[in-house]
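Working notes, structure below.
The values are calculated or read from the model by the stated rules, or taken from the named source; none is laboratory data. Everything numeric here is computed off the predicted structure, so don't read it as measured data. Don't worry about glycine lacking a Cβ; one is built from the backbone with ideal geometry, like all the others, and counts go over all protein chains shown. Side chains included, ligands, DNA and RNA excluded: accessible areas come from the protein's heavy atoms. Shrake-Rupley method; radii C 1.70, N 1.55, O 1.52, S 1.80 Å.
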Amino acid sequence: MPELPEVETVARQLDPLVAGRRIARLVIRDRKLGHADRGRVAGTRILAVRRSGKQVVFDLARGRRRTPELFLVVHLRMTGRLLWVGDDEPSPPRARAELVLDRGRVAFVDTRRFGTLRLFDDAGELAPHGVEPLSDELTAGRLAALLGRSGQPIKPWLLRQDRLVGVGNIYAAEILFAARVDPRRAAGSLSRAEVRGLHRAIRSVLRRAIECCGTTFSDFQDARGRSGGFARLLAVYGREDEPCRRCGGSIARIVQQQRSTFFCPGCQG
Ligand SMILES: [Zn+2]
């Protein structure tokens, strides 16, 4: 499932391709998407494409206005992709929807069909409930307050979208390795120094993953159909029994809340 860095990559790559373009029409091919008020989208201009939580947001305006008044919001879920397609290129197979622009178009391809496409009038409605981990809002103090006295193990805690948005299974494991925190520790048991280290790790791991355009895994491809480059930098995720790059010990895999957790028992004591 695409996590924050993958969604950020999609938004960053689409933005320069489509910002300023006018939407001729929204073609919905999969009825499961609903009709998404597609008539209201036609004739608007794309001001920007950005990420909000794990969603890709198209800021839309009518005429020459510069403030967005309509928001087309795509959640990629498991297998969704947004692909830029040039005028002379054929549509990708199994596109569930297509945003036809005055030049080129954006195809929403999604084999498992869990993704959604919705329209909002108010930016406030689409804002995620958790804190954006790369925003100024997430200070070490704020993180400590969020962790509170939670007895939940820190790894599943990091996946909670009502606390931090956008962190999924891959980056939660990488963040805890970087912070040298055992994934089984109670979230509320971290010392102040450990919280500061976790805060640094959250931001550095996510920023680095964005620089690498996300991680390669089976279904994620960025807006031009390439895969991310973070996979070779993964320290623990998917590396069960392989040697830790820091201490040489074996990477372990455990299951927490039905999800695999990879960590180094030597470094994350
Ligand atoms: Zn180690």
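In table form, for the structure just shown:
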| item | result |
| --- | --- |
| Cβ-Cβ under 6 Å pairs, at least 6 apart or on other chains, region 248-269 side of a type in the set (D, E, K, R), far side within 14 Å of the ligand (Cβ to nearest atom) | R253/E240; R253/F262 |
| Criterion: at negative phi, surrounded by fewer than 19 Cβ atoms within 10 Å (Cβ to Cβ) and charged (D, E, K, R) - qualifying residue of R149, R113 | R149 |
| In region 15-66, the residues that are in contact (Cβ under 8 Å) with a residue 60 or more places away in the chain and in a helix (DSSP H, G or I) | L17, V18, K32, L33, R40, V41 |
| Some residue of region 226-246 being closer than 26 Å to S135 by Cβ, away from the ligand (no atom under 16 Å from the Cβ) and either modelled with pLDDT of 95 or more or acidic (D, E) (or both) | no |
| Selection status of A95, of a type in the set (G, A, S), in contact with a strand residue (DSSP E or B) (Cβ under 9 Å, 6 or more places away or on another chain) and under 15 Å from S52 (Cα atoms) | no |
| Pick from region 42-76, criterion farther than 20 Å from H129 by Cα and hydroxyl-bearing (S, T, Y), ranking: surrounded by the most Cβ atoms within 10 Å (Cβ to Cβ) | T44 |
| Hits in region 189-202 - residues which are of a type outside the set (A, V, I, L, M) and buried (at least 16 other Cβ atoms within 10 Å of the Cβ) | E194, R196, G197, H199 |
| Some residue of region 133-143 being surrounded by 14 or more Cβ atoms within 10 Å (Cβ to Cβ), in contact with an Asp or Glu (Cβ under 9 Å, 6 or more places away or on another chain) and of a type outside the set (S, T, N, Q) | yes |
| Unmet requirement for V106, which otherwise passes all of (1) out of contact with any Lys or Arg (no Cβ under 7 Å at 6 or more places or on another chain); (2) within 30 Å of I202 (Cβ to Cβ); (3) open to solvent by less than 30 Å² (accessible area, probe 1.4 Å); (4) not small (G, A, S) | (2) |
| Residues of region 119-141 classified as at pLDDT 90 or above and either closer than 21 Å to R192 by Cα or part of a loop (DSSP other than H, G, I, E, B) (or both), total | 13 |
| Region 172-184 - residue that is within 16 Å of the ligand (Cβ to nearest atom) and either open to solvent by 30 Å² or more (accessible area, probe 1.4 Å) or among the aliphatic types (A, V, I, L, M) (or both) and, of those, farthest from V205 (Cα to Cα) | R184 |
| Top-ranked residue of region 251-269 - restricted to ones that are polar (S, T, N, Q) and open to solvent by 70 Å² or more (accessible area, probe 1.4 Å), ranked as nearest to the ligand (Cβ to nearest atom) | Q257 |
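A quick yes/no check of all residues on (1) of a type in the set (G, A, S); (2) within 30 Å of Y171 (Cα to Cα); (3) out of contact with any Cys (no Cβ under 6 Å at 6 or more places or on another chain):
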position	(1), (2), (3)
K32	no, no, yes
R40	no, no, yes
R45	no, no, yes
Q55	no, yes, yes
G63	yes, no, yes
